[in-house]
1. What is the one condition in (1) surrounded by 20 or more Cβ atoms within 10 Å (Cβ to Cβ); (2) within 14 Å of chain A (Cβ to nearest Cβ); (3) not polar (S, T, N, Q) that B:Lys16 does not satisfy?
2. Identify, from the list A:Gln378, A:Gln323, the residue that is within 13 Å of chain B (Cβ to nearest Cβ), under 30 Å from B:Gly62 (Cβ atoms) and surrounded by fewer than 19 Cβ atoms within 10 Å (Cβ to Cβ).
3. If I ask for residues that are in contact (Cβ under 8 Å) with a residue 40 or more places away in the chain and in contact with a helix residue (DSSP H, G or I) (Cβ under 8 Å, 6 or more places away or on another chain), which ones from the range B:68-84 would you list?
4. Every residue in the range A:52-68 that is in contact with a helix residue (DSSP H, G or I) (Cβ under 9 Å, 6 or more places away or on another chain), part of a loop (DSSP other than H, G, I, E, B) and open to solvent by 60 Å² or more (accessible area, probe 1.4 Å), please.
5. Restrict the check to the range A:244-255 and report whether at least one residue is touching a Lys or Arg at 6+ places or on another chain (Cβ under 8 Å) and assigned to a strand (DSSP E or B).
6. Within the range A:28-43, can one find any residue that is more than 14 Å from every other protein chain (Cβ to nearest Cβ), touching a residue at least 60 places away in the same chain (Cβ under 8 Å), more than 22 Å from A:Ala340 (Cβ to Cβ) and among the charged types (D, E, K, R)?
7. Quick one: what pairs do we get from the range A:68-81, first residue closer than 20 Å to A:Ile298 by Cα and polar (S, T, N, Q), second open to solvent by 30 Å² or more (accessible area, probe 1.4 Å) and not in a helix (DSSP H, G or I), C-beta under 8 Å, 6+ apart or different chains?
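The values are calculated or read from the model by the stated rules, or taken from the named source; none is laboratory data. The structure presented is a predicted model; accordingly, all values stated were derived computationally and were not measured. As a convention, Cβ positions derive from the backbone with ideal geometry for all residues, glycine included, and neighbour counts pool all protein chains shown. Protein only, heavy atoms only, side chains kept; ligands, DNA and RNA dropped before computing areas. Shrake-Rupley method; radii C 1.70, N 1.55, O 1.52, S 1.80 Å.
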Amino acid sequence: MSGLDGSTLAAAMGRLRSDFPVLQQNINGHPLVYLDNGASSQRPLAVIEAERHYASHLHSNVHRGVHSLSALATDAFEGARDNVRRFLNARSTREIIFTRGTTESINLVAQSYGRSRLGVGDEILITALEHHSNIVPWQMVCAATGATLKVAAINRRGELDLSSFKAALSAQTRLVATSHVSNALGSVLPVAEIVALAHAQGVPVLLDGAQAIPHLTIDVQALDCDFYAFSGHKLYGPDGIGVLYGRESLLEAMPPWQGGGDMILSVSFTGTTYNQLPYKFEAGTPHISGAIGLGVAIDYVSKIGLPAIAAWEQHLLEYATTQLSTIEGLTIIGTAADKASLVSFTVEGIHPHDLGTILDQSGIAIRTGHHCAMPVMQFFGLPATARASFAFYNTTDEIDQLVIAVQSAQRLFR
Amino acid sequence: MDLKDLYRDVILDHNKTPRHRGTLPPPARVAQGHNPLCGDQLTVYALMDGDILKEVRFEGSGCAISVASASLMTEAVKGKSQAEIAHLFKAIHDLLTRADAPIPASLGKLAALSGVREFPARVKCASLCWHTLNQALAGADAPITTE
C-alpha cells in the first residue's frame with residue numbers, strides 16, 4: 001500500500017479507520033471525533049497486538065539472560081531500535097537512544113551535554129515558540145552552570161523571526177534548541193536555515209520533533225541536526241517511550257546522566273567503566289514493550305507513507321482553515337505560511353474551556369488551554385486557545401462536525 | 001447530559017454581566033487565585049467592617065463557570081459575617097463535589113452551580129473564587145492555586 005497520495009488515502013479511509021479501535025466508539029452518545037492528536041495520537045490494532053504479543057510470549061529482561069526468552073526480547077527490542085534508525089535515516093543504531101519521551105530526551109541533552117560543557121558567559125538559544133519541555137530543562141541547566149538562556153522572537157503570524165535568531169546567535173552560543181513544529185500554533189520552523197546558521201558558528205542544534213514526527217519525513221542526515229527528540233505516543237505508538245537521536249561523535253564525548261544497570265561494562269567500588277553507545281544513556285530496564293510497539297507503529301506509518309499522510313493532512317488543514325474562518329467571531333491564532341495540520345483558535349465571548357466542554361458533549365475531543373506553551377499565549381495576549389489537531393485518520397466530515405459544534409456553542413452563549 | 005444543566009441561564013447571565021467586578025483600595029484585603037491547569041487568574045478584594053464583609057470585588061480572566069461563580073459568590077457573601085461565609089463555603093463545596101448532596105434552599109442563586117458536579121474537570125473552575133476569598137479573609141499573602 002506504499003506510495004499512496006492524499007486522495008487514495010482518502011479512498012482507503014474506511015479501512016484505515018477500522019485499524020483504530022478507539023475510533024470505533026461513542027463518547028457522550030456521539031461517535032468520537034478525535035481532534036487532539038497533537039496531545040497524543042491513537043494506536044492501531046497492530047501496535048496494540050504487538051504489545052500484547054510481547055507480554056504474552058516474549059517478556060523477559062533485555063541484554064542480560066542466556067535463556068531463550070531474554071534473547072527473543074533483546075532481538076525484538078534491538079529490532080525496534082533499527083526501525084527507528086531507518087525511520088530517521090540515522091547512520092547507526094548507536095545514535096538511537098530510547099527514552100521515556102521527548103521531554104526526557106531533551107533533559108538528557110540538557111543534563112549531560114549542557115552540564116558538562118556550559119559555564120558562566122555561555123548561552124543557549126531557543127525560540128519564542130517552544131513547549132515548556134524545551135524551556136524548563138535549559139533554565140535548570142542555566143541555574144546550575146551560570147549560563148544564559150536567549151530567546152529568538154516570533155512575528156504575529158507565529159513564524160520564527162530569522163533576523164532575531166541571527167542577532168541572538170552570538171559567539172557565546174553553545175547550543176541551539178528549537179522545536180521543528182510548534183505545538184501551540186502548528187508553525188513549521190525553518191530548521192534547515194537554523195542548522196546552517198548555527199553550524200556556520202560551530203554550534204550544535206537540538207530539534208524538538210514531538211509535533212513534527214507524525215507529519216514530516218525526518219532525515220537526520222539531510223537535516224544535519226545534532227540531536228532530534230520525539231515521543232512514540234504522538235506517532236501512533238505507545239506512551240512512555242521516546243527517542244533521542246544524537247550525532248555519534250557528540251554522544252561519545254558526553255557523560256552518562258543516569259547511573260545503573262545496562263549503562264556499565266564493569267563496576268567495582270573503586271570505579272566504573274561505562275557501556276558503549278547507545279547503552280551508556282539507557283540506565284535500568286528500559287520500556288521494552290513500548291520500544292517494540294513503537295517499532296510496529298513506525299512500520300504501520302511507513303506502509304501508508306508519510307508523503308501520503310502529509311498530503312491528506314494538508315488537505316485537512318486547508319479545509320479546516322477555510323471552514324472555521326466562515327464562523328463569525330472565530331480567530332485563528334498562528335497563520336504561518338508553513339504549518340502542520342493543527343488549528344489553534346479563539347471564539348469571541350466563549351472561553352476555550354467552555355468550548356472544550358461543549359464540544360465534548362458532541363463527542364468532539366479538542367485541546368483547550370495554554371498547550372504547555374505559556375510564553376506563546378503571552379505573546380498573543382491570550383490566556384488560552386482551543387486547538388484542533390489532525391491525524392491522517394481524520395476526515396472533512398469530522399471538521400464539518402467541529403464547525404457545527406462551535407456554532408451551536410455560540411448559540412448557547414448568545 | 002444536557003449542556004443547559006451546566007450552562008444555566010443564571011450562569012450565562014453572570015458570565016456576560018459579572019457583578020462586583022473591579023478592585024478595592026487598601027485597607028481592603030487582596031488575594032490571588034490561579035488554576036495552573038487552565039491558566040485562570042483571579043484576584044479577590046475584601047473590605048471588612050469588623051466581622052462583616054462590607055465590600056467585595058473580583059477581577060481576572062477565566063471560563064464562564066469561573067467568572068459566573070465569582071460573580072455569584074460576591075452577591076452571596078456581601079454583608080455576611082465570617083461565620084456565615086464559612087458556612088456558605090462548606091455548602092458550596094458539598095454542592096460541587098458530592099453527587100448525592102441535597103441542595104439547601106439557603107444557597108439561593110448559587111444552586112445554579114449544581115450542574116458543575118456532573119463535569120469533574122470543571123469543579124476547580126467553580127471553586128477557585130471561593131478558595132481565593134478564603135485566602136483574602138485569612139489575610140495570607142501567598143497566591144493560592146487549585147493544584
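1. (1)
2. Values: A:Gln323 fails: within 13 Å of chain B (Cβ to nearest Cβ).
Of A:Gln378, A:Gln323, the one residue that is within 13 Å of chain B (Cβ to nearest Cβ), under 30 Å from B:Gly62 (Cβ atoms) and surrounded by fewer than 19 Cβ atoms within 10 Å (Cβ to Cβ) is A:Gln378.
3. The first filter runs over the range B:68-84 and keeps only residues in contact (Cβ under 8 Å) with a residue 40 or more places away in the chain, leaving B:68-75, B:77-78, B:82.
Matches in the range B:68-84: B:Ala68, B:Ser69, B:Ala70, B:Ser71, B:Leu72, B:Met73, B:Glu75, B:Val77, B:Gln82.
4. Once the filter is applied, which keeps residues that are in contact with a helix residue (DSSP H, G or I) (Cβ under 9 Å, 6 or more places away or on another chain), part of a loop (DSSP other than H, G, I, E, B) and open to solvent by 60 Å² or more (accessible area, probe 1.4 Å), the range A:52-68 yields A:His59, A:His63, A:Arg64.
5. Looking for residues that are touching a Lys or Arg at 6+ places or on another chain (Cβ under 8 Å) and assigned to a strand (DSSP E or B), one finds none in the range A:244-255, hence no.
6. No.
7. Listed by first residue and then by second, the contacts come to A:Thr74/A:His63.
So that you can scan it fast, the table gives a plain yes or no per residue for (1) assigned to a helix (DSSP H, G or I); (2) touching a Phe, Trp or Tyr at 6+ places or on another chain (Cβ under 8 Å):
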position	(1), (2)
B:Val56	no, yes
B:Glu75	yes, no
B:Ile103	no, no
B:Leu107	yes, no
